[in-house]
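Have a look at the structure below before the remarks.
The values are calculated or read from the model by the stated rules, or taken from the named source; none is laboratory data. All values derive from a computational prediction rather than experimental measurement. Cβ coordinates were reconstructed from backbone atoms using ideal geometry, including for glycine residues, and neighbour counts include every protein chain displayed. All accessible areas refer to the heavy atoms of the entire protein, side chains included, with ligands and DNA or RNA removed. Shrake-Rupley method; radii C 1.70, N 1.55, O 1.52, S 1.80 Å.
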Amino acid sequence: MFRTLVSAAAILLLGASLALAAPVTLKLGHIAEPENPYGQGADHFAKLVKERSNGEVEIKVYPSSQLGNQRDLVEGLTFGTVDMTLTGTAVLGNFVPEVSVFDLPFIFRDVQHAYKALDTVGMELCKKGEARGMITLAIWENGVRHMTNNVRPIRKPEDMKGLKFRVMEQPVYIEMMKSLGASPTPMAMSELYTALQKGVIDGQENPLAHIATKRFYEVQKYISLTGHTYAPEPVLISTIAWKKLSPEQQQIVRKAAEDTRDWQRQLCRDLEGKFMKTILDSGKSQVNDDVDKEAFAKATHGVWDIYTKRFGDANIKAILAVK
């Protein structure tokens with residue numbers, strides 16, 4: 001009888017240890033194509049996590065909106081139906097409104113200023129998302145955004161007047177387009193190519209990485225390097241998924257996200273020329289860089305006032321103070 005009880009206890013202990021050692025699989029969804037720099041970043045991150053955890057944690061990556069659009073993915077984090085996602089601060093701003101400060105037009109002096117501000121002010125602001133069930137592990141890069149359209153080259157704010165432009169479902173981008181005299185049309189990225197192809201909208205705005213990898217240049221006559229906003233790409237994990245990980249595993253995942261941030265940002269710089277070459281070699285789009293950015297900054301500055309009225313100017317001042 002005693003031997004039977006000991007055997008049973010041993011089996012239970014063995015089962016418990018096996019359960020503890022069972023690999024954790026997390027699904028990470030994003031909307032980019034795999035060859036996009038943050039699509040490649042997701043794959044690099046998954047590889048680091050698997051190697052450093054000795055296979056105990058596996059990140060399965062689902063690109064190209066396979067798990068839904070960005071809003072679906074962020075909502076999934078809050079409900080625990082999505083484990084991880086990469087999303088823009090523009091979309092995250094619908095859940096954590098303060099972070100939309102990073103999408104204000106012309107708020108960053110250059111990408112190095114953006115990096116420093118996001119790694120300090122940005123990470124602190126993103127902590128507000130924890131109350132909504134999501135943890136920010138690091139902030140990667142989507143890129144500097146530019147205007148494209150089928151009507152005319154964009155050189156000055158007046159050239160935007162009357163154009164129907166796809167925007168993300170975010171007040172900052174909607175108000176920015178209104179300030180330029182354009183007609184903003186919120187639309188999911190997955191619907192964008194067809195809408196451009198059929199003439200449902202005149203234009204859109206995105207980084208060169210999306211313009212090239214999603215082949216928007218095939219259905220847009222003009223690409224104007226307006227550089228009106230810089231788009232960060234936070235790496236988010238649901239608190240439900242986070243709690244599935246041991247403290248050691250959490251440390252591995254967080255460090256892998258931070259290391260990939262640096263790797264992925266450099267990749268963005270390295271691939272800019274390649275994406276531009278892809279666009280130019282197609283012969284389907286005209287690219288112009290003779291944009292009056294000072295006039296654009298002046299025309300869109302009212303969007304800053306809308307943010308300030310809601311949240312004050314402390315976050316803006318903190319970003320501008322970063323050297």
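The table for this structure:
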| item | result |
| --- | --- |
| Residues located in region 262-272, provided they are out of contact with any His (no Cβ under 9 Å at 6 or more places or on another chain) and open to solvent by 50 Å² or more (accessible area, probe 1.4 Å) | 262, 266, 269, 270, 272 |
| Which listed residue, of 139, 107, is open to solvent by less than 30 Å² (accessible area, probe 1.4 Å), in contact with a helix residue (DSSP H, G or I) (Cβ under 9 Å, 6 or more places away or on another chain) and assigned to a loop (DSSP other than H, G, I, E, B) | 107 |
| Residues of region 126-135 classified as crowded, with 24+ Cβ neighbours inside 10 Å and in a strand (DSSP E or B), total | 1 |
| Residue check for residue 248: open to solvent by 30 Å² or more (accessible area, probe 1.4 Å), of a type in the set (Asp, Glu) and free of Cβ contacts under 8 Å to residues at least 40 places away in the same chain | yes |
| Close pairs from region 83-96: first free of Cβ contacts under 8 Å to residues at least 60 places away in the same chain, partner hydrophobic (A, V, I, L, M, F, W, C) and open to solvent by less than 10 Å² (accessible area, probe 1.4 Å), Cβ under 6 Å, at least 6 apart | 95/74 |
| Scan of region 110-120 for residues that are surrounded by fewer than 22 Cβ atoms within 10 Å (Cβ to Cβ) and assigned to a helix (DSSP H, G or I), ordered by number | 111, 112, 113, 115, 116, 119, 120 |
| Subset of region 61-113 [among the aromatic types (Phe, Trp, Tyr) and within 15 Å of residue 307 (Cβ to Cβ)] | 102, 106, 108 |
| Condition check for residue 318: surrounded by fewer than 22 Cβ atoms within 10 Å (Cβ to Cβ), in contact (Cβ under 8 Å) with a residue 60 or more places away in the chain and more than 29 Å from residue 36 (Cα to Cα) | yes |
| Qualifying residue in region 147-162 (condition: under 17 Å from the mean Cα position of the chain (by Cα), touching a residue at least 24 places away in the same chain (Cβ under 8 Å) and crowded, with 16+ Cβ neighbours inside 10 Å) | no |
| Number of positions in region 297-312 that are farther than 20 Å from residue 156 by Cα and either in contact with a strand residue (DSSP E or B) (Cβ under 8 Å, 6 or more places away or on another chain) or open to solvent by less than 40 Å² (accessible area, probe 1.4 Å) (or both) | 2 |
| Single residue of region 21-39 satisfying the filter (within 14 Å of residue 143 (Cα to Cα) and of a type outside the set (Ser, Thr, Tyr)) that is surrounded by the fewest Cβ atoms within 10 Å (Cβ to Cβ) | 39 |
| Residue match in region 66-75 (condition: at positive phi and buried (at least 16 other Cβ atoms within 10 Å of the Cβ)) | yes |
| Neighbours by Cβ (under 6 Å, 6+ apart or cross-chain): first from region 296-307, closer than 18 Å to residue 226 by Cα; second assigned to a helix (DSSP H, G or I) and charged (D, E, K, R) | 303/175 |
| Hits in region 42-62 - residues which are open to solvent by less than 20 Å² (accessible area, probe 1.4 Å) and either without any contact (Cβ under 8 Å) to a residue 12 or more places away in the chain or closer than 19 Å to residue 214 by Cα (or both) | 42 |
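Residue-wise test of (1) in contact with an Asp or Glu (Cβ under 7 Å, 6 or more places away or on another chain); (2) farther than 17 Å from residue 165 by Cα; (3) among the charged types (D, E, K, R).
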residue: 202; (1), (2), (3): no, no, yes
residue: 221; (1), (2), (3): no, no, yes
residue: 240; (1), (2), (3): no, yes, no
residue: 244; (1), (2), (3): no, yes, yes
residue: 254; (1), (2), (3): no, yes, yes
residue: 265; (1), (2), (3): yes, yes, yes
residue: 269; (1), (2), (3): no, yes, yes
residue: 275; (1), (2), (3): no, yes, no
residue: 286; (1), (2), (3): no, yes, no
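Okay, residues lined up against (1) buried (at least 19 other Cβ atoms within 10 Å of the Cβ); (2) out of contact with any helix residue (DSSP H, G or I) (no Cβ under 6 Å at 6 or more places or on another chain):
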{"position": "192", "(1), (2)": "yes, yes"}
{"position": "198", "(1), (2)": "no, yes"}
{"position": "202", "(1), (2)": "yes, yes"}
{"position": "212", "(1), (2)": "yes, no"}
{"position": "218", "(1), (2)": "no, yes"}
{"position": "229", "(1), (2)": "yes, no"}
{"position": "235", "(1), (2)": "yes, no"}
{"position": "239", "(1), (2)": "no, yes"}
{"position": "242", "(1), (2)": "yes, yes"}
